[in-house]
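Undergrad: The following block contains the structure, expressed as structure tokens.
We did not get these values from a lab; they are worked out from the coordinates using the rules stated. It should be emphasised that the depicted structure is a prediction, and the values quoted were computed from it without experimental measurement. In this analysis, Cβ positions are derived from the backbone assuming ideal geometry, glycine residues included, and neighbour counts consider all displayed protein chains.
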Amino acid sequence: MARRTMPVASHPDTPACDDEVTSPTLDARRLTCFIAVAETLHFRKAAERLRLAQPALSQQIRRLEEELGCQLLRRDRRRVELTPAGWALLEAGRRALAQLSHAAEAAQRTAAGQVSLLRVGFLSPAAFALVPEVLSRLRAEHPEVHLMLREADSTTLLEEVRLGLLDVAFVRGPVSAPGVRIDTLHREPLVLVLPSGHRLAKRARVPLARLADEPFIGFPRETAPSLHDAMTGLCLEAGFAPTFVSEAGEWYTIVSLVAAGLGCAILPESVRTFTRDGAVYRAIEGPSRHVELAIARGPKPPGPALRACLRIVSALTSVDVS
């Protein structure tokens with residue numbers, strides 16, 4: 001059998017095997033041997049299951065324990081039992097072998113032309129509306145397409161599209177990136193997120209100027225430049241520069257910080273679908289700014305899976321992205 005290695009996560013409640021925690025890699029064959037012994041608690045029965053000589057099986061277990069630097073099994077002439085470290089490895093090892101088998105099967109099916117791989121990047125809250133509908137229709141109409149999903153900020157997604165690590169990504173605009181085709185799908189207004197006990201929380205529409213002295217929470221500009229600039233520009237138009245007391249990389253973290261009373265926020269309207277006790281969404285009185293949801297892809301002609309995805313996006317948005 002060819003030698004393959006994989007990382008196996010440790011159980012959070014299990015003490016470290018040695019004083020210094022390391023990150024070993026595990027041989028898939030030795031891990032298979034260990035799982036057989038752990039499940040049967042009997043070396044002879046495990047050897048028969050694996051069609052392996054019992055001394056060879058014992059040697060594989062000894063080498064595995066040496067590599068990890070800890071005892072996995074307690075054994076004597078009458079019985080075999082798992083140590084706490086052995087229980088942890090059994091739990092994580094089963095998952096690791098299943099994932100390895102799934103990965104090998106996916107590679108073989110893709111190579112045989114039975115499956116088309118589509119790598120899709122997206123950011124929240126785009127995941128609330130368009131993206132799930134696109135992926136649902138794609139799965140229903142093209143079950144042969146295997147989806148690999150990646151959630152990240154727009155800056156990261158655009159770079160991964162440029163590098164060819166993603167086939168397509170749904171990002172926040174307006175934005176541009178060299179070597180990447182970007183099509184705007186729709187625009188949405190910005191809304192205020194206020195603590196539910198805020199003095200203006202009972203108003204349906206809030207004049208932004210009334211928040212000039214309030215602390216704000218937002219995205220770092222390096223991860224969400226278009227949204228950060230739209231929010232800042234909106235405040236400047238209202239006569240003040242926002243004071244950011246905290247920044248977070250995820251919208252739900254921002255809403256949670258607002259709910260905790262740490263400040264106010266301005267976010268895309270689609271965030272309204274996320275309800276959080278302690279936070280309310282309010283329209284901005286007067287002129288507002290909009291942010292865009294856009295689709296990004298590389299310059300190469302799309303393959304069958306990406307073409308199918310683009311056709312569905314065009315049908316749902318009435319925007320020609322072919």
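Undergrad: Mind ordering 51-58, 188-195 by average Cβ neighbours within 10 Å, highest first?
TA: Descending mean neighbour count gives 188-195, 51-58.
Undergrad: Okay, moving on. To the nearest 20 debye, what is the magnitude of the charge dipole of the chain about its Cα centre, counting +1 on the Cβ of each Lys and Arg and -1 on the Cβ of each Asp and Glu? Spell out each step's value before the answer.
TA: Numbers: 40 positive and 36 negative charges, 245 e Å.
Value, rounded to 20: 1180 debye.
Undergrad: Next question. Treating the Cα atoms of the chain as identical point scatterers in vacuum, please give the log10 of the normalised Debye intensity I(q)/I(0) at q = 0.08, 0.14, 0.15 Å⁻¹, two decimals.
TA: Taking Cα atoms of the chain as identical point scatterers yields -0.58, -1.02, -1.08.
Undergrad: Hey, what number do you get for the chain at 222 nm if only DSSP H runs of n ≥ 4 count, each worth -39500 (n - 2.57), divided across all residues, to the nearest 500?
TA: Details: 9 runs with 121 residues, N = 322.
Helix-only estimate at 222 nm: -12000 deg cm²/dmol.
Undergrad: Here is a further query. Can you give me the relative contact order of the chain as a percent, contacts being Cα pairs under 8 Å and 6 or more apart?
TA: Values: 529 pairs, mean separation 58.7, N = 322.
In percent, rounded to a whole number, it is 18.
Undergrad: Can you list residues whose amide H is under 5 Å from Phe244's amide H, if they're 5+ apart or on another chain and H is modeled 1.01 Å from N?
TA: Phe216
Undergrad: Could you give me the ³J(HN,Hα) list for region 288-300, computed from phi with Karplus coefficients 6.51, -1.76, 1.60 and θ = phi - 60°, whole Hz, x at Gly and Pro?
TA: For region 288-300, the Karplus curve yields 10, 10, 10, 10, 10, 9, 10, 10, 10, 8, x, x, 6 Hz.
Undergrad: Could you order peptides 143-152, 252-261 by the average number of other Cβ atoms within 10 Å of their residues, highest first?
TA: Values: 143-152: 14.3, 252-261: 18.3.
By packing density, highest mean first, the sequence is 252-261, 143-152.
Undergrad: Additional query: Ranking request for peptides 61-71, 263-273, 236-246: highest mean number of other beta-carbon atoms within 10 Å first, then the rest in descending order.
TA: On the way: 61-71: 16.1, 263-273: 20.7, 236-246: 14.5.
Per-residue Cβ counts within 10 Å, averaged per peptide and sorted highest first, yield 263-273, 61-71, 236-246.
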